[in-house]
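The values are calculated or read from the model by the stated rules, or taken from the named source; none is laboratory data. None of these values were measured; they are calculated from a predicted model. For neighbour counting, all protein chains shown are included, and Cβ atoms are generated from backbone atoms with ideal geometry for every residue, glycine included. Note: areas computed on protein heavy atoms with side chains; ligands, DNA, RNA excluded. Shrake-Rupley method; radii C 1.70, N 1.55, O 1.52, S 1.80 Å.
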Amino acid sequence: MEQNTNYEMCRKCGGVCCKEGGCIYSPSDFKIINFDSLKKILKKGYISISGQPYTCLINNNSWSYILYLRARNNNSNIVDLFPIGEPCMLLTQNGCSLNEEQRPSYGLAVKPTKIGGPCESRLTVRETFEWLKYSDILEKLIKYYTGRSLKEELTYQLMEKLILIDKINLEDLNEMQKIFYSIYFNIIENKPYYSSEEVKKFLLKL
Ligand code: SF4
Ligand code: SF4
């Protein structure tokens, strides 16, 4: 994956993109990917199992969820399925705590083009599909850490966010984020869900 850095520009900017959340790893950032190796990596304390919902390719009216690893955000858990826009915990006054070898590939791929952002990034949900290969391992890890299946944990975490939004009038949480969570909730409650296994089988047939 292409690497783009402009330390001078990002220093002036103060890491605006890093303040919106940790960047995403590519599977190629890890030498080995299995249950034990990822458990060891997660034990380091600065990576979360995360991901995003997307409209499923099988049926435009349905949804699925792509799991991946990302740099962990402040005040966030090891399983963080709906990040709420907290800053990445690896951001320091001197920039990123990780060197370029350790930094998530999708973060390195962002091209610094505008102080204060948004900067040019080619990351689309389709590109994160390279994680589909490891979805069963990530789902087993979610069960290990939370005791719940991915589907159960998605509903649980979304409910938690909505309760939090309701309870505290989070000034930092902008209207767009509130709308996003409500839309997600509506989708999860009312639209058909396809598991990653089903998506993989569908893609193989194409
Ligand atoms: S928003 Fe752009 S300029 Fe600012 S830190 Fe991120 S990549 Fe650098
Ligand atoms: S890992 Fe580094 S580059 Fe990526 S969001 Fe965190 S501080 Fe920024």
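Take the Cα of Val16, step 7 Å toward its Cβ, do the same at Tyr46, and the gap between the two points is 2.5 nm. Shown is the FRET efficiency for Glu160 and Thr124, computed with R0 = 41 Å from the Cβ-Cβ distance and rounded to the nearest 0.05: 0.90.
Contact order, relative form, for the range 1-105: 36 percent (alpha carbon pairs under 8 Å, 6 or more residues apart, mean separation divided by residue count). Dividing the mean sequence gap of close Cα pairs (under 8 Å, 6+ apart) by how many residues the chain holds gives a relative contact order of 28 percent.
Sorting Met1, Met9 by solvent-accessible area of protein heavy atoms yields Met1, Met9, largest first, with a 1.4 Å probe.
Please report the antiparallel percentage of DSSP beta bridges with both residues in the chain, rounded to the nearest 5. In the chain, approximately 90 percent of DSSP beta bridges are antiparallel ones.
The modelled label-to-label distance for the pair Glu198/Asp136, using points 7 Å beyond Cα in the direction of Cβ, is 1.8 nm. Would you mind checking Lys43/Lys201; Lys19/Lys43; Lys44/Lys140; Lys114/Lys191 for any pair whose Cα atoms are more than 29 angstrom apart? With Cα atoms farther than 29 Å apart: Lys43/Lys201; Lys114/Lys191. Partners of Lys205 within straight-line reach, counting lysines whose Cα lies under 16 Å from its Cα and excluding those fewer than 8 residues away in the same chain: Lys133. When nucleic acids and ligands are ignored and a 1.4 Å probe is applied, Glu2 ends up with an accessible area of around 100 Å².
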